[in-house]
Each structure stands twice: as structure tokens, then as C-alpha cells.
Amino acid sequence: MARFLSIAGVFVVACMFAVPAAAQRGRGELQIEVRDPQGAALSASGELVSQGNQFHLNFEIGDDGRYAAQDLAFGVYRVSVSRSGFVPAVQLVEIRSIVPQHVSLTLGLKPVETQVQVSETETLVDPSRTTTVYTIGAQTIDEQLPSQPGRGVLDAVNDQPGWLYEANGVLHPRGSEYDVQFVVDGLPVTENRSPAFATPIESSDVESMRVMTAGFPAEYGRKLGGVVEVSSPKNNPKGLHGEFEADGGSFSTLSGSGALYYSTGANRFSITGDGFHSARYLDPPVLQNYTNVGNAGGLSASYERDFANGDRVFLTFAQNAVRFEVPNELMQQTAGQLENSEQKETSGQIRYTHAFSANILLSAAGSVRDASATLSSDSAPTPINVSQDRGYREGYARADLAGHRGRNDWKVGVDGIASSVNENLHYLITDSSQFDPGTNLGPFSFADRKWDFEPSAYAENQLRLGKWNVSAGLRFDHYGFAVDESAWSPRVSVSRFISSLSLVLHGSYDRVFQTPAMENLLLASSPQVQSLSSVVVRLPVQPARANYYEVGFTKSIAAKLRIDGNVFRRDFRNYPDDDVLLDTGISFPIAFASAEIHGEEIQIAVPRWGRFSGALSYSNQTGIGHGPITGGFFLGSETQGISDTSPFPVSQDQRNTLRGRVRYQATERLWFATSAEYGSGLPVDLNGQPDSTEIAFLLQQYGPAILNEVNFNAVPVSRVRPNFSLDAAAGATLYHKEGRDLSCEIEGHNLTDKVNVLNFASLFSGTAVAPPASVSARLKFGF
């Protein structure tokens, strides 16, 4: 009761200050007003540019002389407006808060020649930013042609420094396992969004993204390995407009999407749909790509209305599903195994904002999601026949009050998640020789349902003191699913802008409280698992607690390129990872006593230099974990290493990662690009160098081409050999007239056709092979 009263007390205090902010985090709004020298409203054409945020918007201002640009990532923008017969007006503005920023521009008459020259290169470096944030703009997203469907958004995030893929598109930021939070139009999604676990976020539904790995605002919690803010299109012109895409390529891949946008007066509507078919959906464990067909489809709609008093309401609905086969190993294919999985998700969201004044904004948001995942075997499963049906119904509510006063931009708020989680699992072992003696051969059945409650409260402020900037916040979290725990998380980041050098120096500290992965946590926590084997160890999976440190810089050179460099360290207690139930492919969370992850990152970005643009990045990272294992359940021989305190490389310990892309705008309607990626390879979870018997067994499972890509003699542990991929792309505008555009794009992937093994015989991630040489093409029409 005392714990409940303390939690309730925190929320009562928070609610006194926080009432329903545009749940759009890290993004604001620019309200533009245009007048002539006599003060009368003017219609005009406008342009809004931020090189640092990869943002470019052309817009039309109506007869009332007003325009509102929404969903702008925090940063520096150049706004310019023009009209025939008048002198254009140009101004730099800074977006620092979700409270709308107002700018009034007066267009002088033509004879007046005096005007201020403001270059868009002045938007390359944000002098007020206190940490490194990578913004991915519309052009980058539009030109992302993935080799496998449903991975365009994930590929764009993976290209950022500090991020890397494991099997099946699982993103890992700075050594964290699964702890990625997507924030989709203000709605936090903390579950694993890799293709094997959830329906994809399609590129056609995304206008821009912000990617963070440090300096998190206090409003972020629960999953903080990395945060990806996803924004859907908001600034569509008046009238009816649409975009349609058709894609095709290797592996019998076909996909398509369509979107219609309609804006009239204070009302805005949109409806989108997409779908795909591919014979290579997941990353198979062998070169032959057995049983790997995937199909998906989705539909979404939104409505937004601005009221006369300045209030705004936004509603969305989405429904998505993906069905795919689980790729076989060689022995499973010989036996005739065919496993199928299906993921479904339905969601709805409502958001409301109200401005009390020009400096205080109130916002409330709520959402519901219903997600499910099934796994079944149609024929001849080996070595185990497993079926599963799990899911959850989640309710989310959020309330913020944000304000701007003098040098301060502040926000206080509360949010909470309540989820009804259900799990059903059944298995029967068909080949007992593959399991330890004493393993329950089945049939085994498990079914359970439980509620998850995760309330939180937070307060944060950014203070500007001349060239100094300080961002500080405090967050409270309670977790009440597998265990009951609470935590306070202070956050602080500081930066100093040296204008003479176009240089920003910054440092940050984040205290992190990360909740365990939800997938199959009921099974892992149930006493029923004691019947799975004669030897079972079951430990409650507790939230991870960590301290994140980062120092870095951002510098502009010749007003053409920007360099971001960071040095970081992460210290974990109850370091999260995952394990697999027997040989089912069904994963569940585990935890180790501690882990230390440290490294360096650097990126050189060229938004535009003549006809060229591009980026080059390098990451060096080391991750060392320490036992004993502190959470999860383990069977038979797996229990022997639970108390081992020896250091080991974490499964995301790739020491060197190098990526680069160069784009050349040959003509106004034709561009070319090439990109390359190198990774030094992940560790292999084998106990020492395998003997001849083990090698023979691995050959049976994966074949010689896969084993050739593993260095069994690496010290101190075996490692996958380095991977490398070279891609090339080209695009052309075929037709452009009166607002209608027809364009095409083609991209070749892994042009050297190198065998790139992502994981090998990993205790946690199995074996996975990246795609061979392949090609993708797209035709796009917009009006």
C-alpha cells in the first residue's frame, strides 16, 4: 500500500502541472504571417529549408496571409517568401519547443532594394542542440530501395552511426539488444519492430525521422537503447493530391502503395494502402533460401481539423498484417518442414492540442493497439513441432503542458501504458536426439494472461545562456508486469557554441530504466516451465538500469559539410538479451549481471556541394558482458553456465563498421548514387573451437559456404568473417508538368555477390545470411 500511495502521490503532483502537448516529441510548428508595408495580408509563395534536418518545403500562402508548417524537427530553418512586384523577405528561425513559433514577414515594394541576405548554409549546424541527433529527410527515405520488402525504414536507421543489424532486420543501437523505441506520430511503440516480430513500418507512410542514441529528453522511457521519431506527411497543399508506387525486383518481389491527401479549409484527410509479396522475406540460415515467402498488406486513414480558437484535433486508424514462412535449415528442408507465421496489428489514435497563450500549449493523446502473432507447422517439423498464439491489447494515454518563457523551453507531463497480454504455446519433440537427456518430449501446453501497467511522470527544461545551452530533466517510471519496480531517472546535457569556429561541443548523462521485452515473458516467468526438463533454473527478469555517457562535437567546414563526432560509454546492470526455447525459434528475455559498452563514432555529411551530396561514417565499438545470469529460464546443459562470471563479448560486439554514400545530380531530372558498407563481424556463441564431430554437424545444418565465412580461430572467441556490400542506384524524373510527376528508380544490391553471414550458430539469434546480388526497381506517380 505504501508503494501504491507513493506512486499515486507522484501522479497527483504531476497532474497539477500537466494537462493534455502535441504528442509530437522533438518537433514544433512555424506559423507564418505575410503582410505588405501598409499591414494588409498578402498571398505569396514560400520556401522553408534546414540543411541540418534534411528538410525542404515549398508552400503557398493564401489570401489571409497565413501558413502553418507542422511537424518540424527542432533546429534552425531559413524561411523565405516572395510575390511578384515585391521584394522577397528572408529570415532565420529556430524551432525549440512544441509551442508554435510565430514569424511575421513584411514584403517591401520593388523600388526598395534593401534586404537581408540569409544563406541556407546557416542552417547546417544547430547552435542550441545539446546532443547529436541524426535527421533523415524525405529525399533519403524516398530513395531508399531495400533489397527485401518492408525494410526501407529500418535500412535508413541502420545507416546511422552506432547502429547495426542482426538476423531478420533486428536493429541494435550501441550494443543494446532490442531496446529500440519507435515514436510514430507521437505514439511510442516499445515492442520489437523487426520483420520476424511485427508488421513493417512502410517508407511510403514516412516523411522524416529523427534518430537518437544519447541526450534523451525526460519524456522518453521504457526502451532507450535508441529512439526513432517517425513523422508521417503533414504539410500537404490544398486540394486533392496523391502518390502511387509500384516496386519489383529479385526474389519474385512485388510491392505497391498508394496515398490520397485532401485539404480544404480547416480540414485535412488522408488514406493510404500498401502491400507486397516476396520469396525472400526473412534472412535464411542457408544459401538456398528455403521456405521464405512473405506477403503483407495494410491500410491507414487520418483526419485533422483546426478550430477557430486555435485548437487542433488529429485522429488516425491503421490495420496491417504480414504472413510468412519460417526459413528452413538443410536438415529441416530434407525432412519436409514447413512453418508459417502471421503478425496482425490494428491501432487508433486521437490527439488534441489547445494553446492557452502564445507561449503555453496543452496537449492530450490516447491510443489503443491490438497486436497478435501466431506460429504453426503444416508438415513434418523437425526436431520439434511447435504452435503459438500470443498477443496484447494496449491502451496508452499521455498529457503534457509545454511552455516558452525568456531563455527557457519547458515541459511537464504524465503518460501510461496498460496492456492485457496473452500467450498460448504447444510443442511436441519429434527428434529427441537433438535435446539433452531429461527434456520433456511433450506434448507440452502453456496458456496464461496478465495485465501490464507502466505509468510515468516527467519534467524537463532547456535553458539558453548566451552560447551555452543546458537541457535537464527528471523522469519517474513504475513497471508492474513480471516484477514490481520503480525508478527515478535524471538526465542532463550541456553544449557550448563557438561561433568563430562554427563548432558545437556537447556532453550528456542519461540515467536509464529499461523494461524487459514483452515477447514470451509470461512463459519465461511461469512455474510451469519447471516441467520442461529434469534440470530447470528460473530467475525473474528484472528491468535493466544503466548510466549512459557521451561527449562529442558538431562542426561545419566551408559551410558545405558537417562533421559529427562522439565518444560514448554505457554501463548496465541486468543487461538485457534474449534466448530461444529449445529449438523452436521462439525467443524470450534474459539478463546478465552487467555489461560495459564503449566506442567512438564519426560522420561526415555533405547535404549539397554543387551537384554532389552524401555521407561517410565510421563506428568503433566494444561490448563486454559479465555473468552471472540474473534473469530468464534455462534447461539441461544450459544451466551449467548460469553462475559463470567470466567476461564475454556481447552479441552485438562488432568492433568496426564503415558506411558511405555519394549522390550525383547529373541533370535536373537525373541522379546517380553509390553506397558501400563494411562490418568486421559479430562474435559466435560456440564453446571454444569445435571438434570434427561438431564441424560435421554444422555442415549438415548450414553447408560449407556458410562455414567458410566463420573464423573459428579468432581470439578470444570465434567470429563471423568481415562482411561487405556495394550498391549502386539511379533515378530519373520522366514527366513533370502542372503538379504531376512520374519518376523511376533502379538499384543494384551487393554487386560483388559476396556471401555475408550476419550471425552464425548464435545461441540467441541463430544463423542468418544477407541477400546475394539482387536488383530492385520502382515507378512512382504523384499529382
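The values are calculated or read from the model by the stated rules, or taken from the named source; none is laboratory data. Keep in mind that what you see is a predicted model, and the values were worked out from it rather than measured. Counting neighbours? That spans all protein chains shown, and the Cβs are built from the backbone with ideal geometry, glycine included. We work out accessible area using only protein heavy atoms, side chains counted, and drop any ligands, DNA or RNA first. Shrake-Rupley method; radii C 1.70, N 1.55, O 1.52, S 1.80 Å.
General remarks:
- Taken over the range 674-704, the criterion of being among the hydrophobic types (A, V, I, L, M, F, W, C), touching a Leu at 6+ places or on another chain (Cβ under 7 Å) and not in a helix (DSSP H, G or I) is satisfied by ALA676 alone.
- Answer residue from the range 303-321, given it is over 19 Å from VAL184 (Cα atoms) and not polar (S, T, N, Q) and is least open to solvent (accessible area, probe 1.4 Å) among those: ASP311
- Taking every residue in the range 589-605 that is aromatic (Phe, Trp, Tyr) and pairing it with any residue that is assigned to a strand (DSSP E or B), at least 6 positions away or on another chain, the pairs with Cβ-Cβ distances below 7 Å are PHE592/TYR575; PHE592/ASP577; PHE592/GLY625; PHE592/HIS626; PHE592/GLY627; PHE592/ILE629; PHE592/THR630.
- Exactly one residue out of PRO173, PRO195 is of a type outside the set (Gly, Ala, Ser) and under 26 Å from ARG129 (Cβ atoms): that is PRO173.
- Residues of the range 482-491 classified as surrounded by fewer than 19 Cβ atoms within 10 Å (Cβ to Cβ) and outside any loop (DSSP other than H, G, I, E, B), total: 6
- In the range 237-249, the residues that are closer than 14 Å to GLY265 by Cβ and charged (D, E, K, R) form Cβ pairs under 7 Å with partners that are assigned to a strand (DSSP E or B) and open to solvent by 30 Å² or more (accessible area, probe 1.4 Å), at six or more places apart or across chains, as follows: LYS238/THR264.
- Criterion applied to PHE17, PHE74 was being farther than 24 Å from PRO88 by Cβ and at pLDDT 90 or above, and the one residue passing it is PHE74.
- Among the candidates THR674, THR693, THR767, residue that is farther than 28 Å from ALA196 by Cα and either open to solvent by less than 20 Å² (accessible area, probe 1.4 Å) or within 31 Å of the chain's Cα centre (by Cα) (or both): THR674
This table checks each residue for (1) farther than 30 Å from SER377 by Cβ; (2) modelled with pLDDT of 95 or more; (3) surrounded by fewer than 22 Cβ atoms within 10 Å (Cβ to Cβ).
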| site | (1), (2), (3) |
| --- | --- |
| THR554 | yes, yes, no |
| ASN620 | yes, yes, yes |
| GLY632 | no, no, no |
| GLY636 | no, no, yes |
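- Among the residues of the range 444-460, those identified as hydrophobic (A, V, I, L, M, F, W, C) and more than 27 Å from the chain's Cα centre (by Cα) are PHE444, PHE446, ALA447.
- Checking ARG129 against (1) among the basic types (Lys, Arg); (2) crowded, with 19+ Cβ neighbours inside 10 Å; (3) over 19 Å from TYR220 (Cα atoms), the condition it does not meet: (3)
- Extreme residue, nearest to GLY28 (Cα to Cα), among residues of the range 337-393 that are open to solvent by less than 40 Å² (accessible area, probe 1.4 Å) and acidic (Asp, Glu): GLU345
- Among the residues here, ALA761 qualifies as of a type in the set (Gly, Ala, Ser), at positive phi and assigned to a strand (DSSP E or B).
- For the range 401-445, a residue qualifies if it is in contact with a Lys or Arg (Cβ under 7 Å, 6 or more places away or on another chain) and outside any strand (DSSP E or B), and exactly one does: ARG407.
- Members of the range 160-191 that are closer than 20 Å to ASP653 by Cβ and assigned to a loop (DSSP other than H, G, I, E, B): GLN160, PRO161, GLY162, GLU166, VAL170, ARG174, GLY175, SER176, GLU177, TYR178, ASP179
- Residue satisfying all of: in the range 492-519; of a type in the set (S, T, N, Q) and buried (at least 17 other Cβ atoms within 10 Å of the Cβ); farthest from ALA218 (Cα to Cα) among these: SER502
- Residue match in the range 136-155 (condition: assigned to a loop (DSSP other than H, G, I, E, B), open to solvent by 10 Å² or more (accessible area, probe 1.4 Å) and of a type in the set (Val, Ile, Thr)): no
- Flag for PHE314 being touching a Lys or Arg at 6+ places or on another chain (Cβ under 7 Å) and farther than 15 Å from PRO200 by Cβ: yes
Condition check ((1) part of a strand (DSSP E or B); (2) over 20 Å from GLY137 (Cβ atoms)) across all residues:
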residue	(1), (2)
GLU219	no, yes
VAL228	yes, no
PRO237	no, no
LEU240	yes, yes
PHE244	yes, yes
ASP247	yes, yes
SER255	yes, yes
TYR261	yes, no
PHE269	yes, yes
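- Scanning the range 84-130 for residues being modelled with pLDDT of 80 or more, over 19 Å from PHE74 (Cα atoms) and not in a strand (DSSP E or B) gives a total of 6.
- Test: residue in the range 573-585 that is modelled with pLDDT of 95 or more and surrounded by fewer than 22 Cβ atoms within 10 Å (Cβ to Cβ): yes
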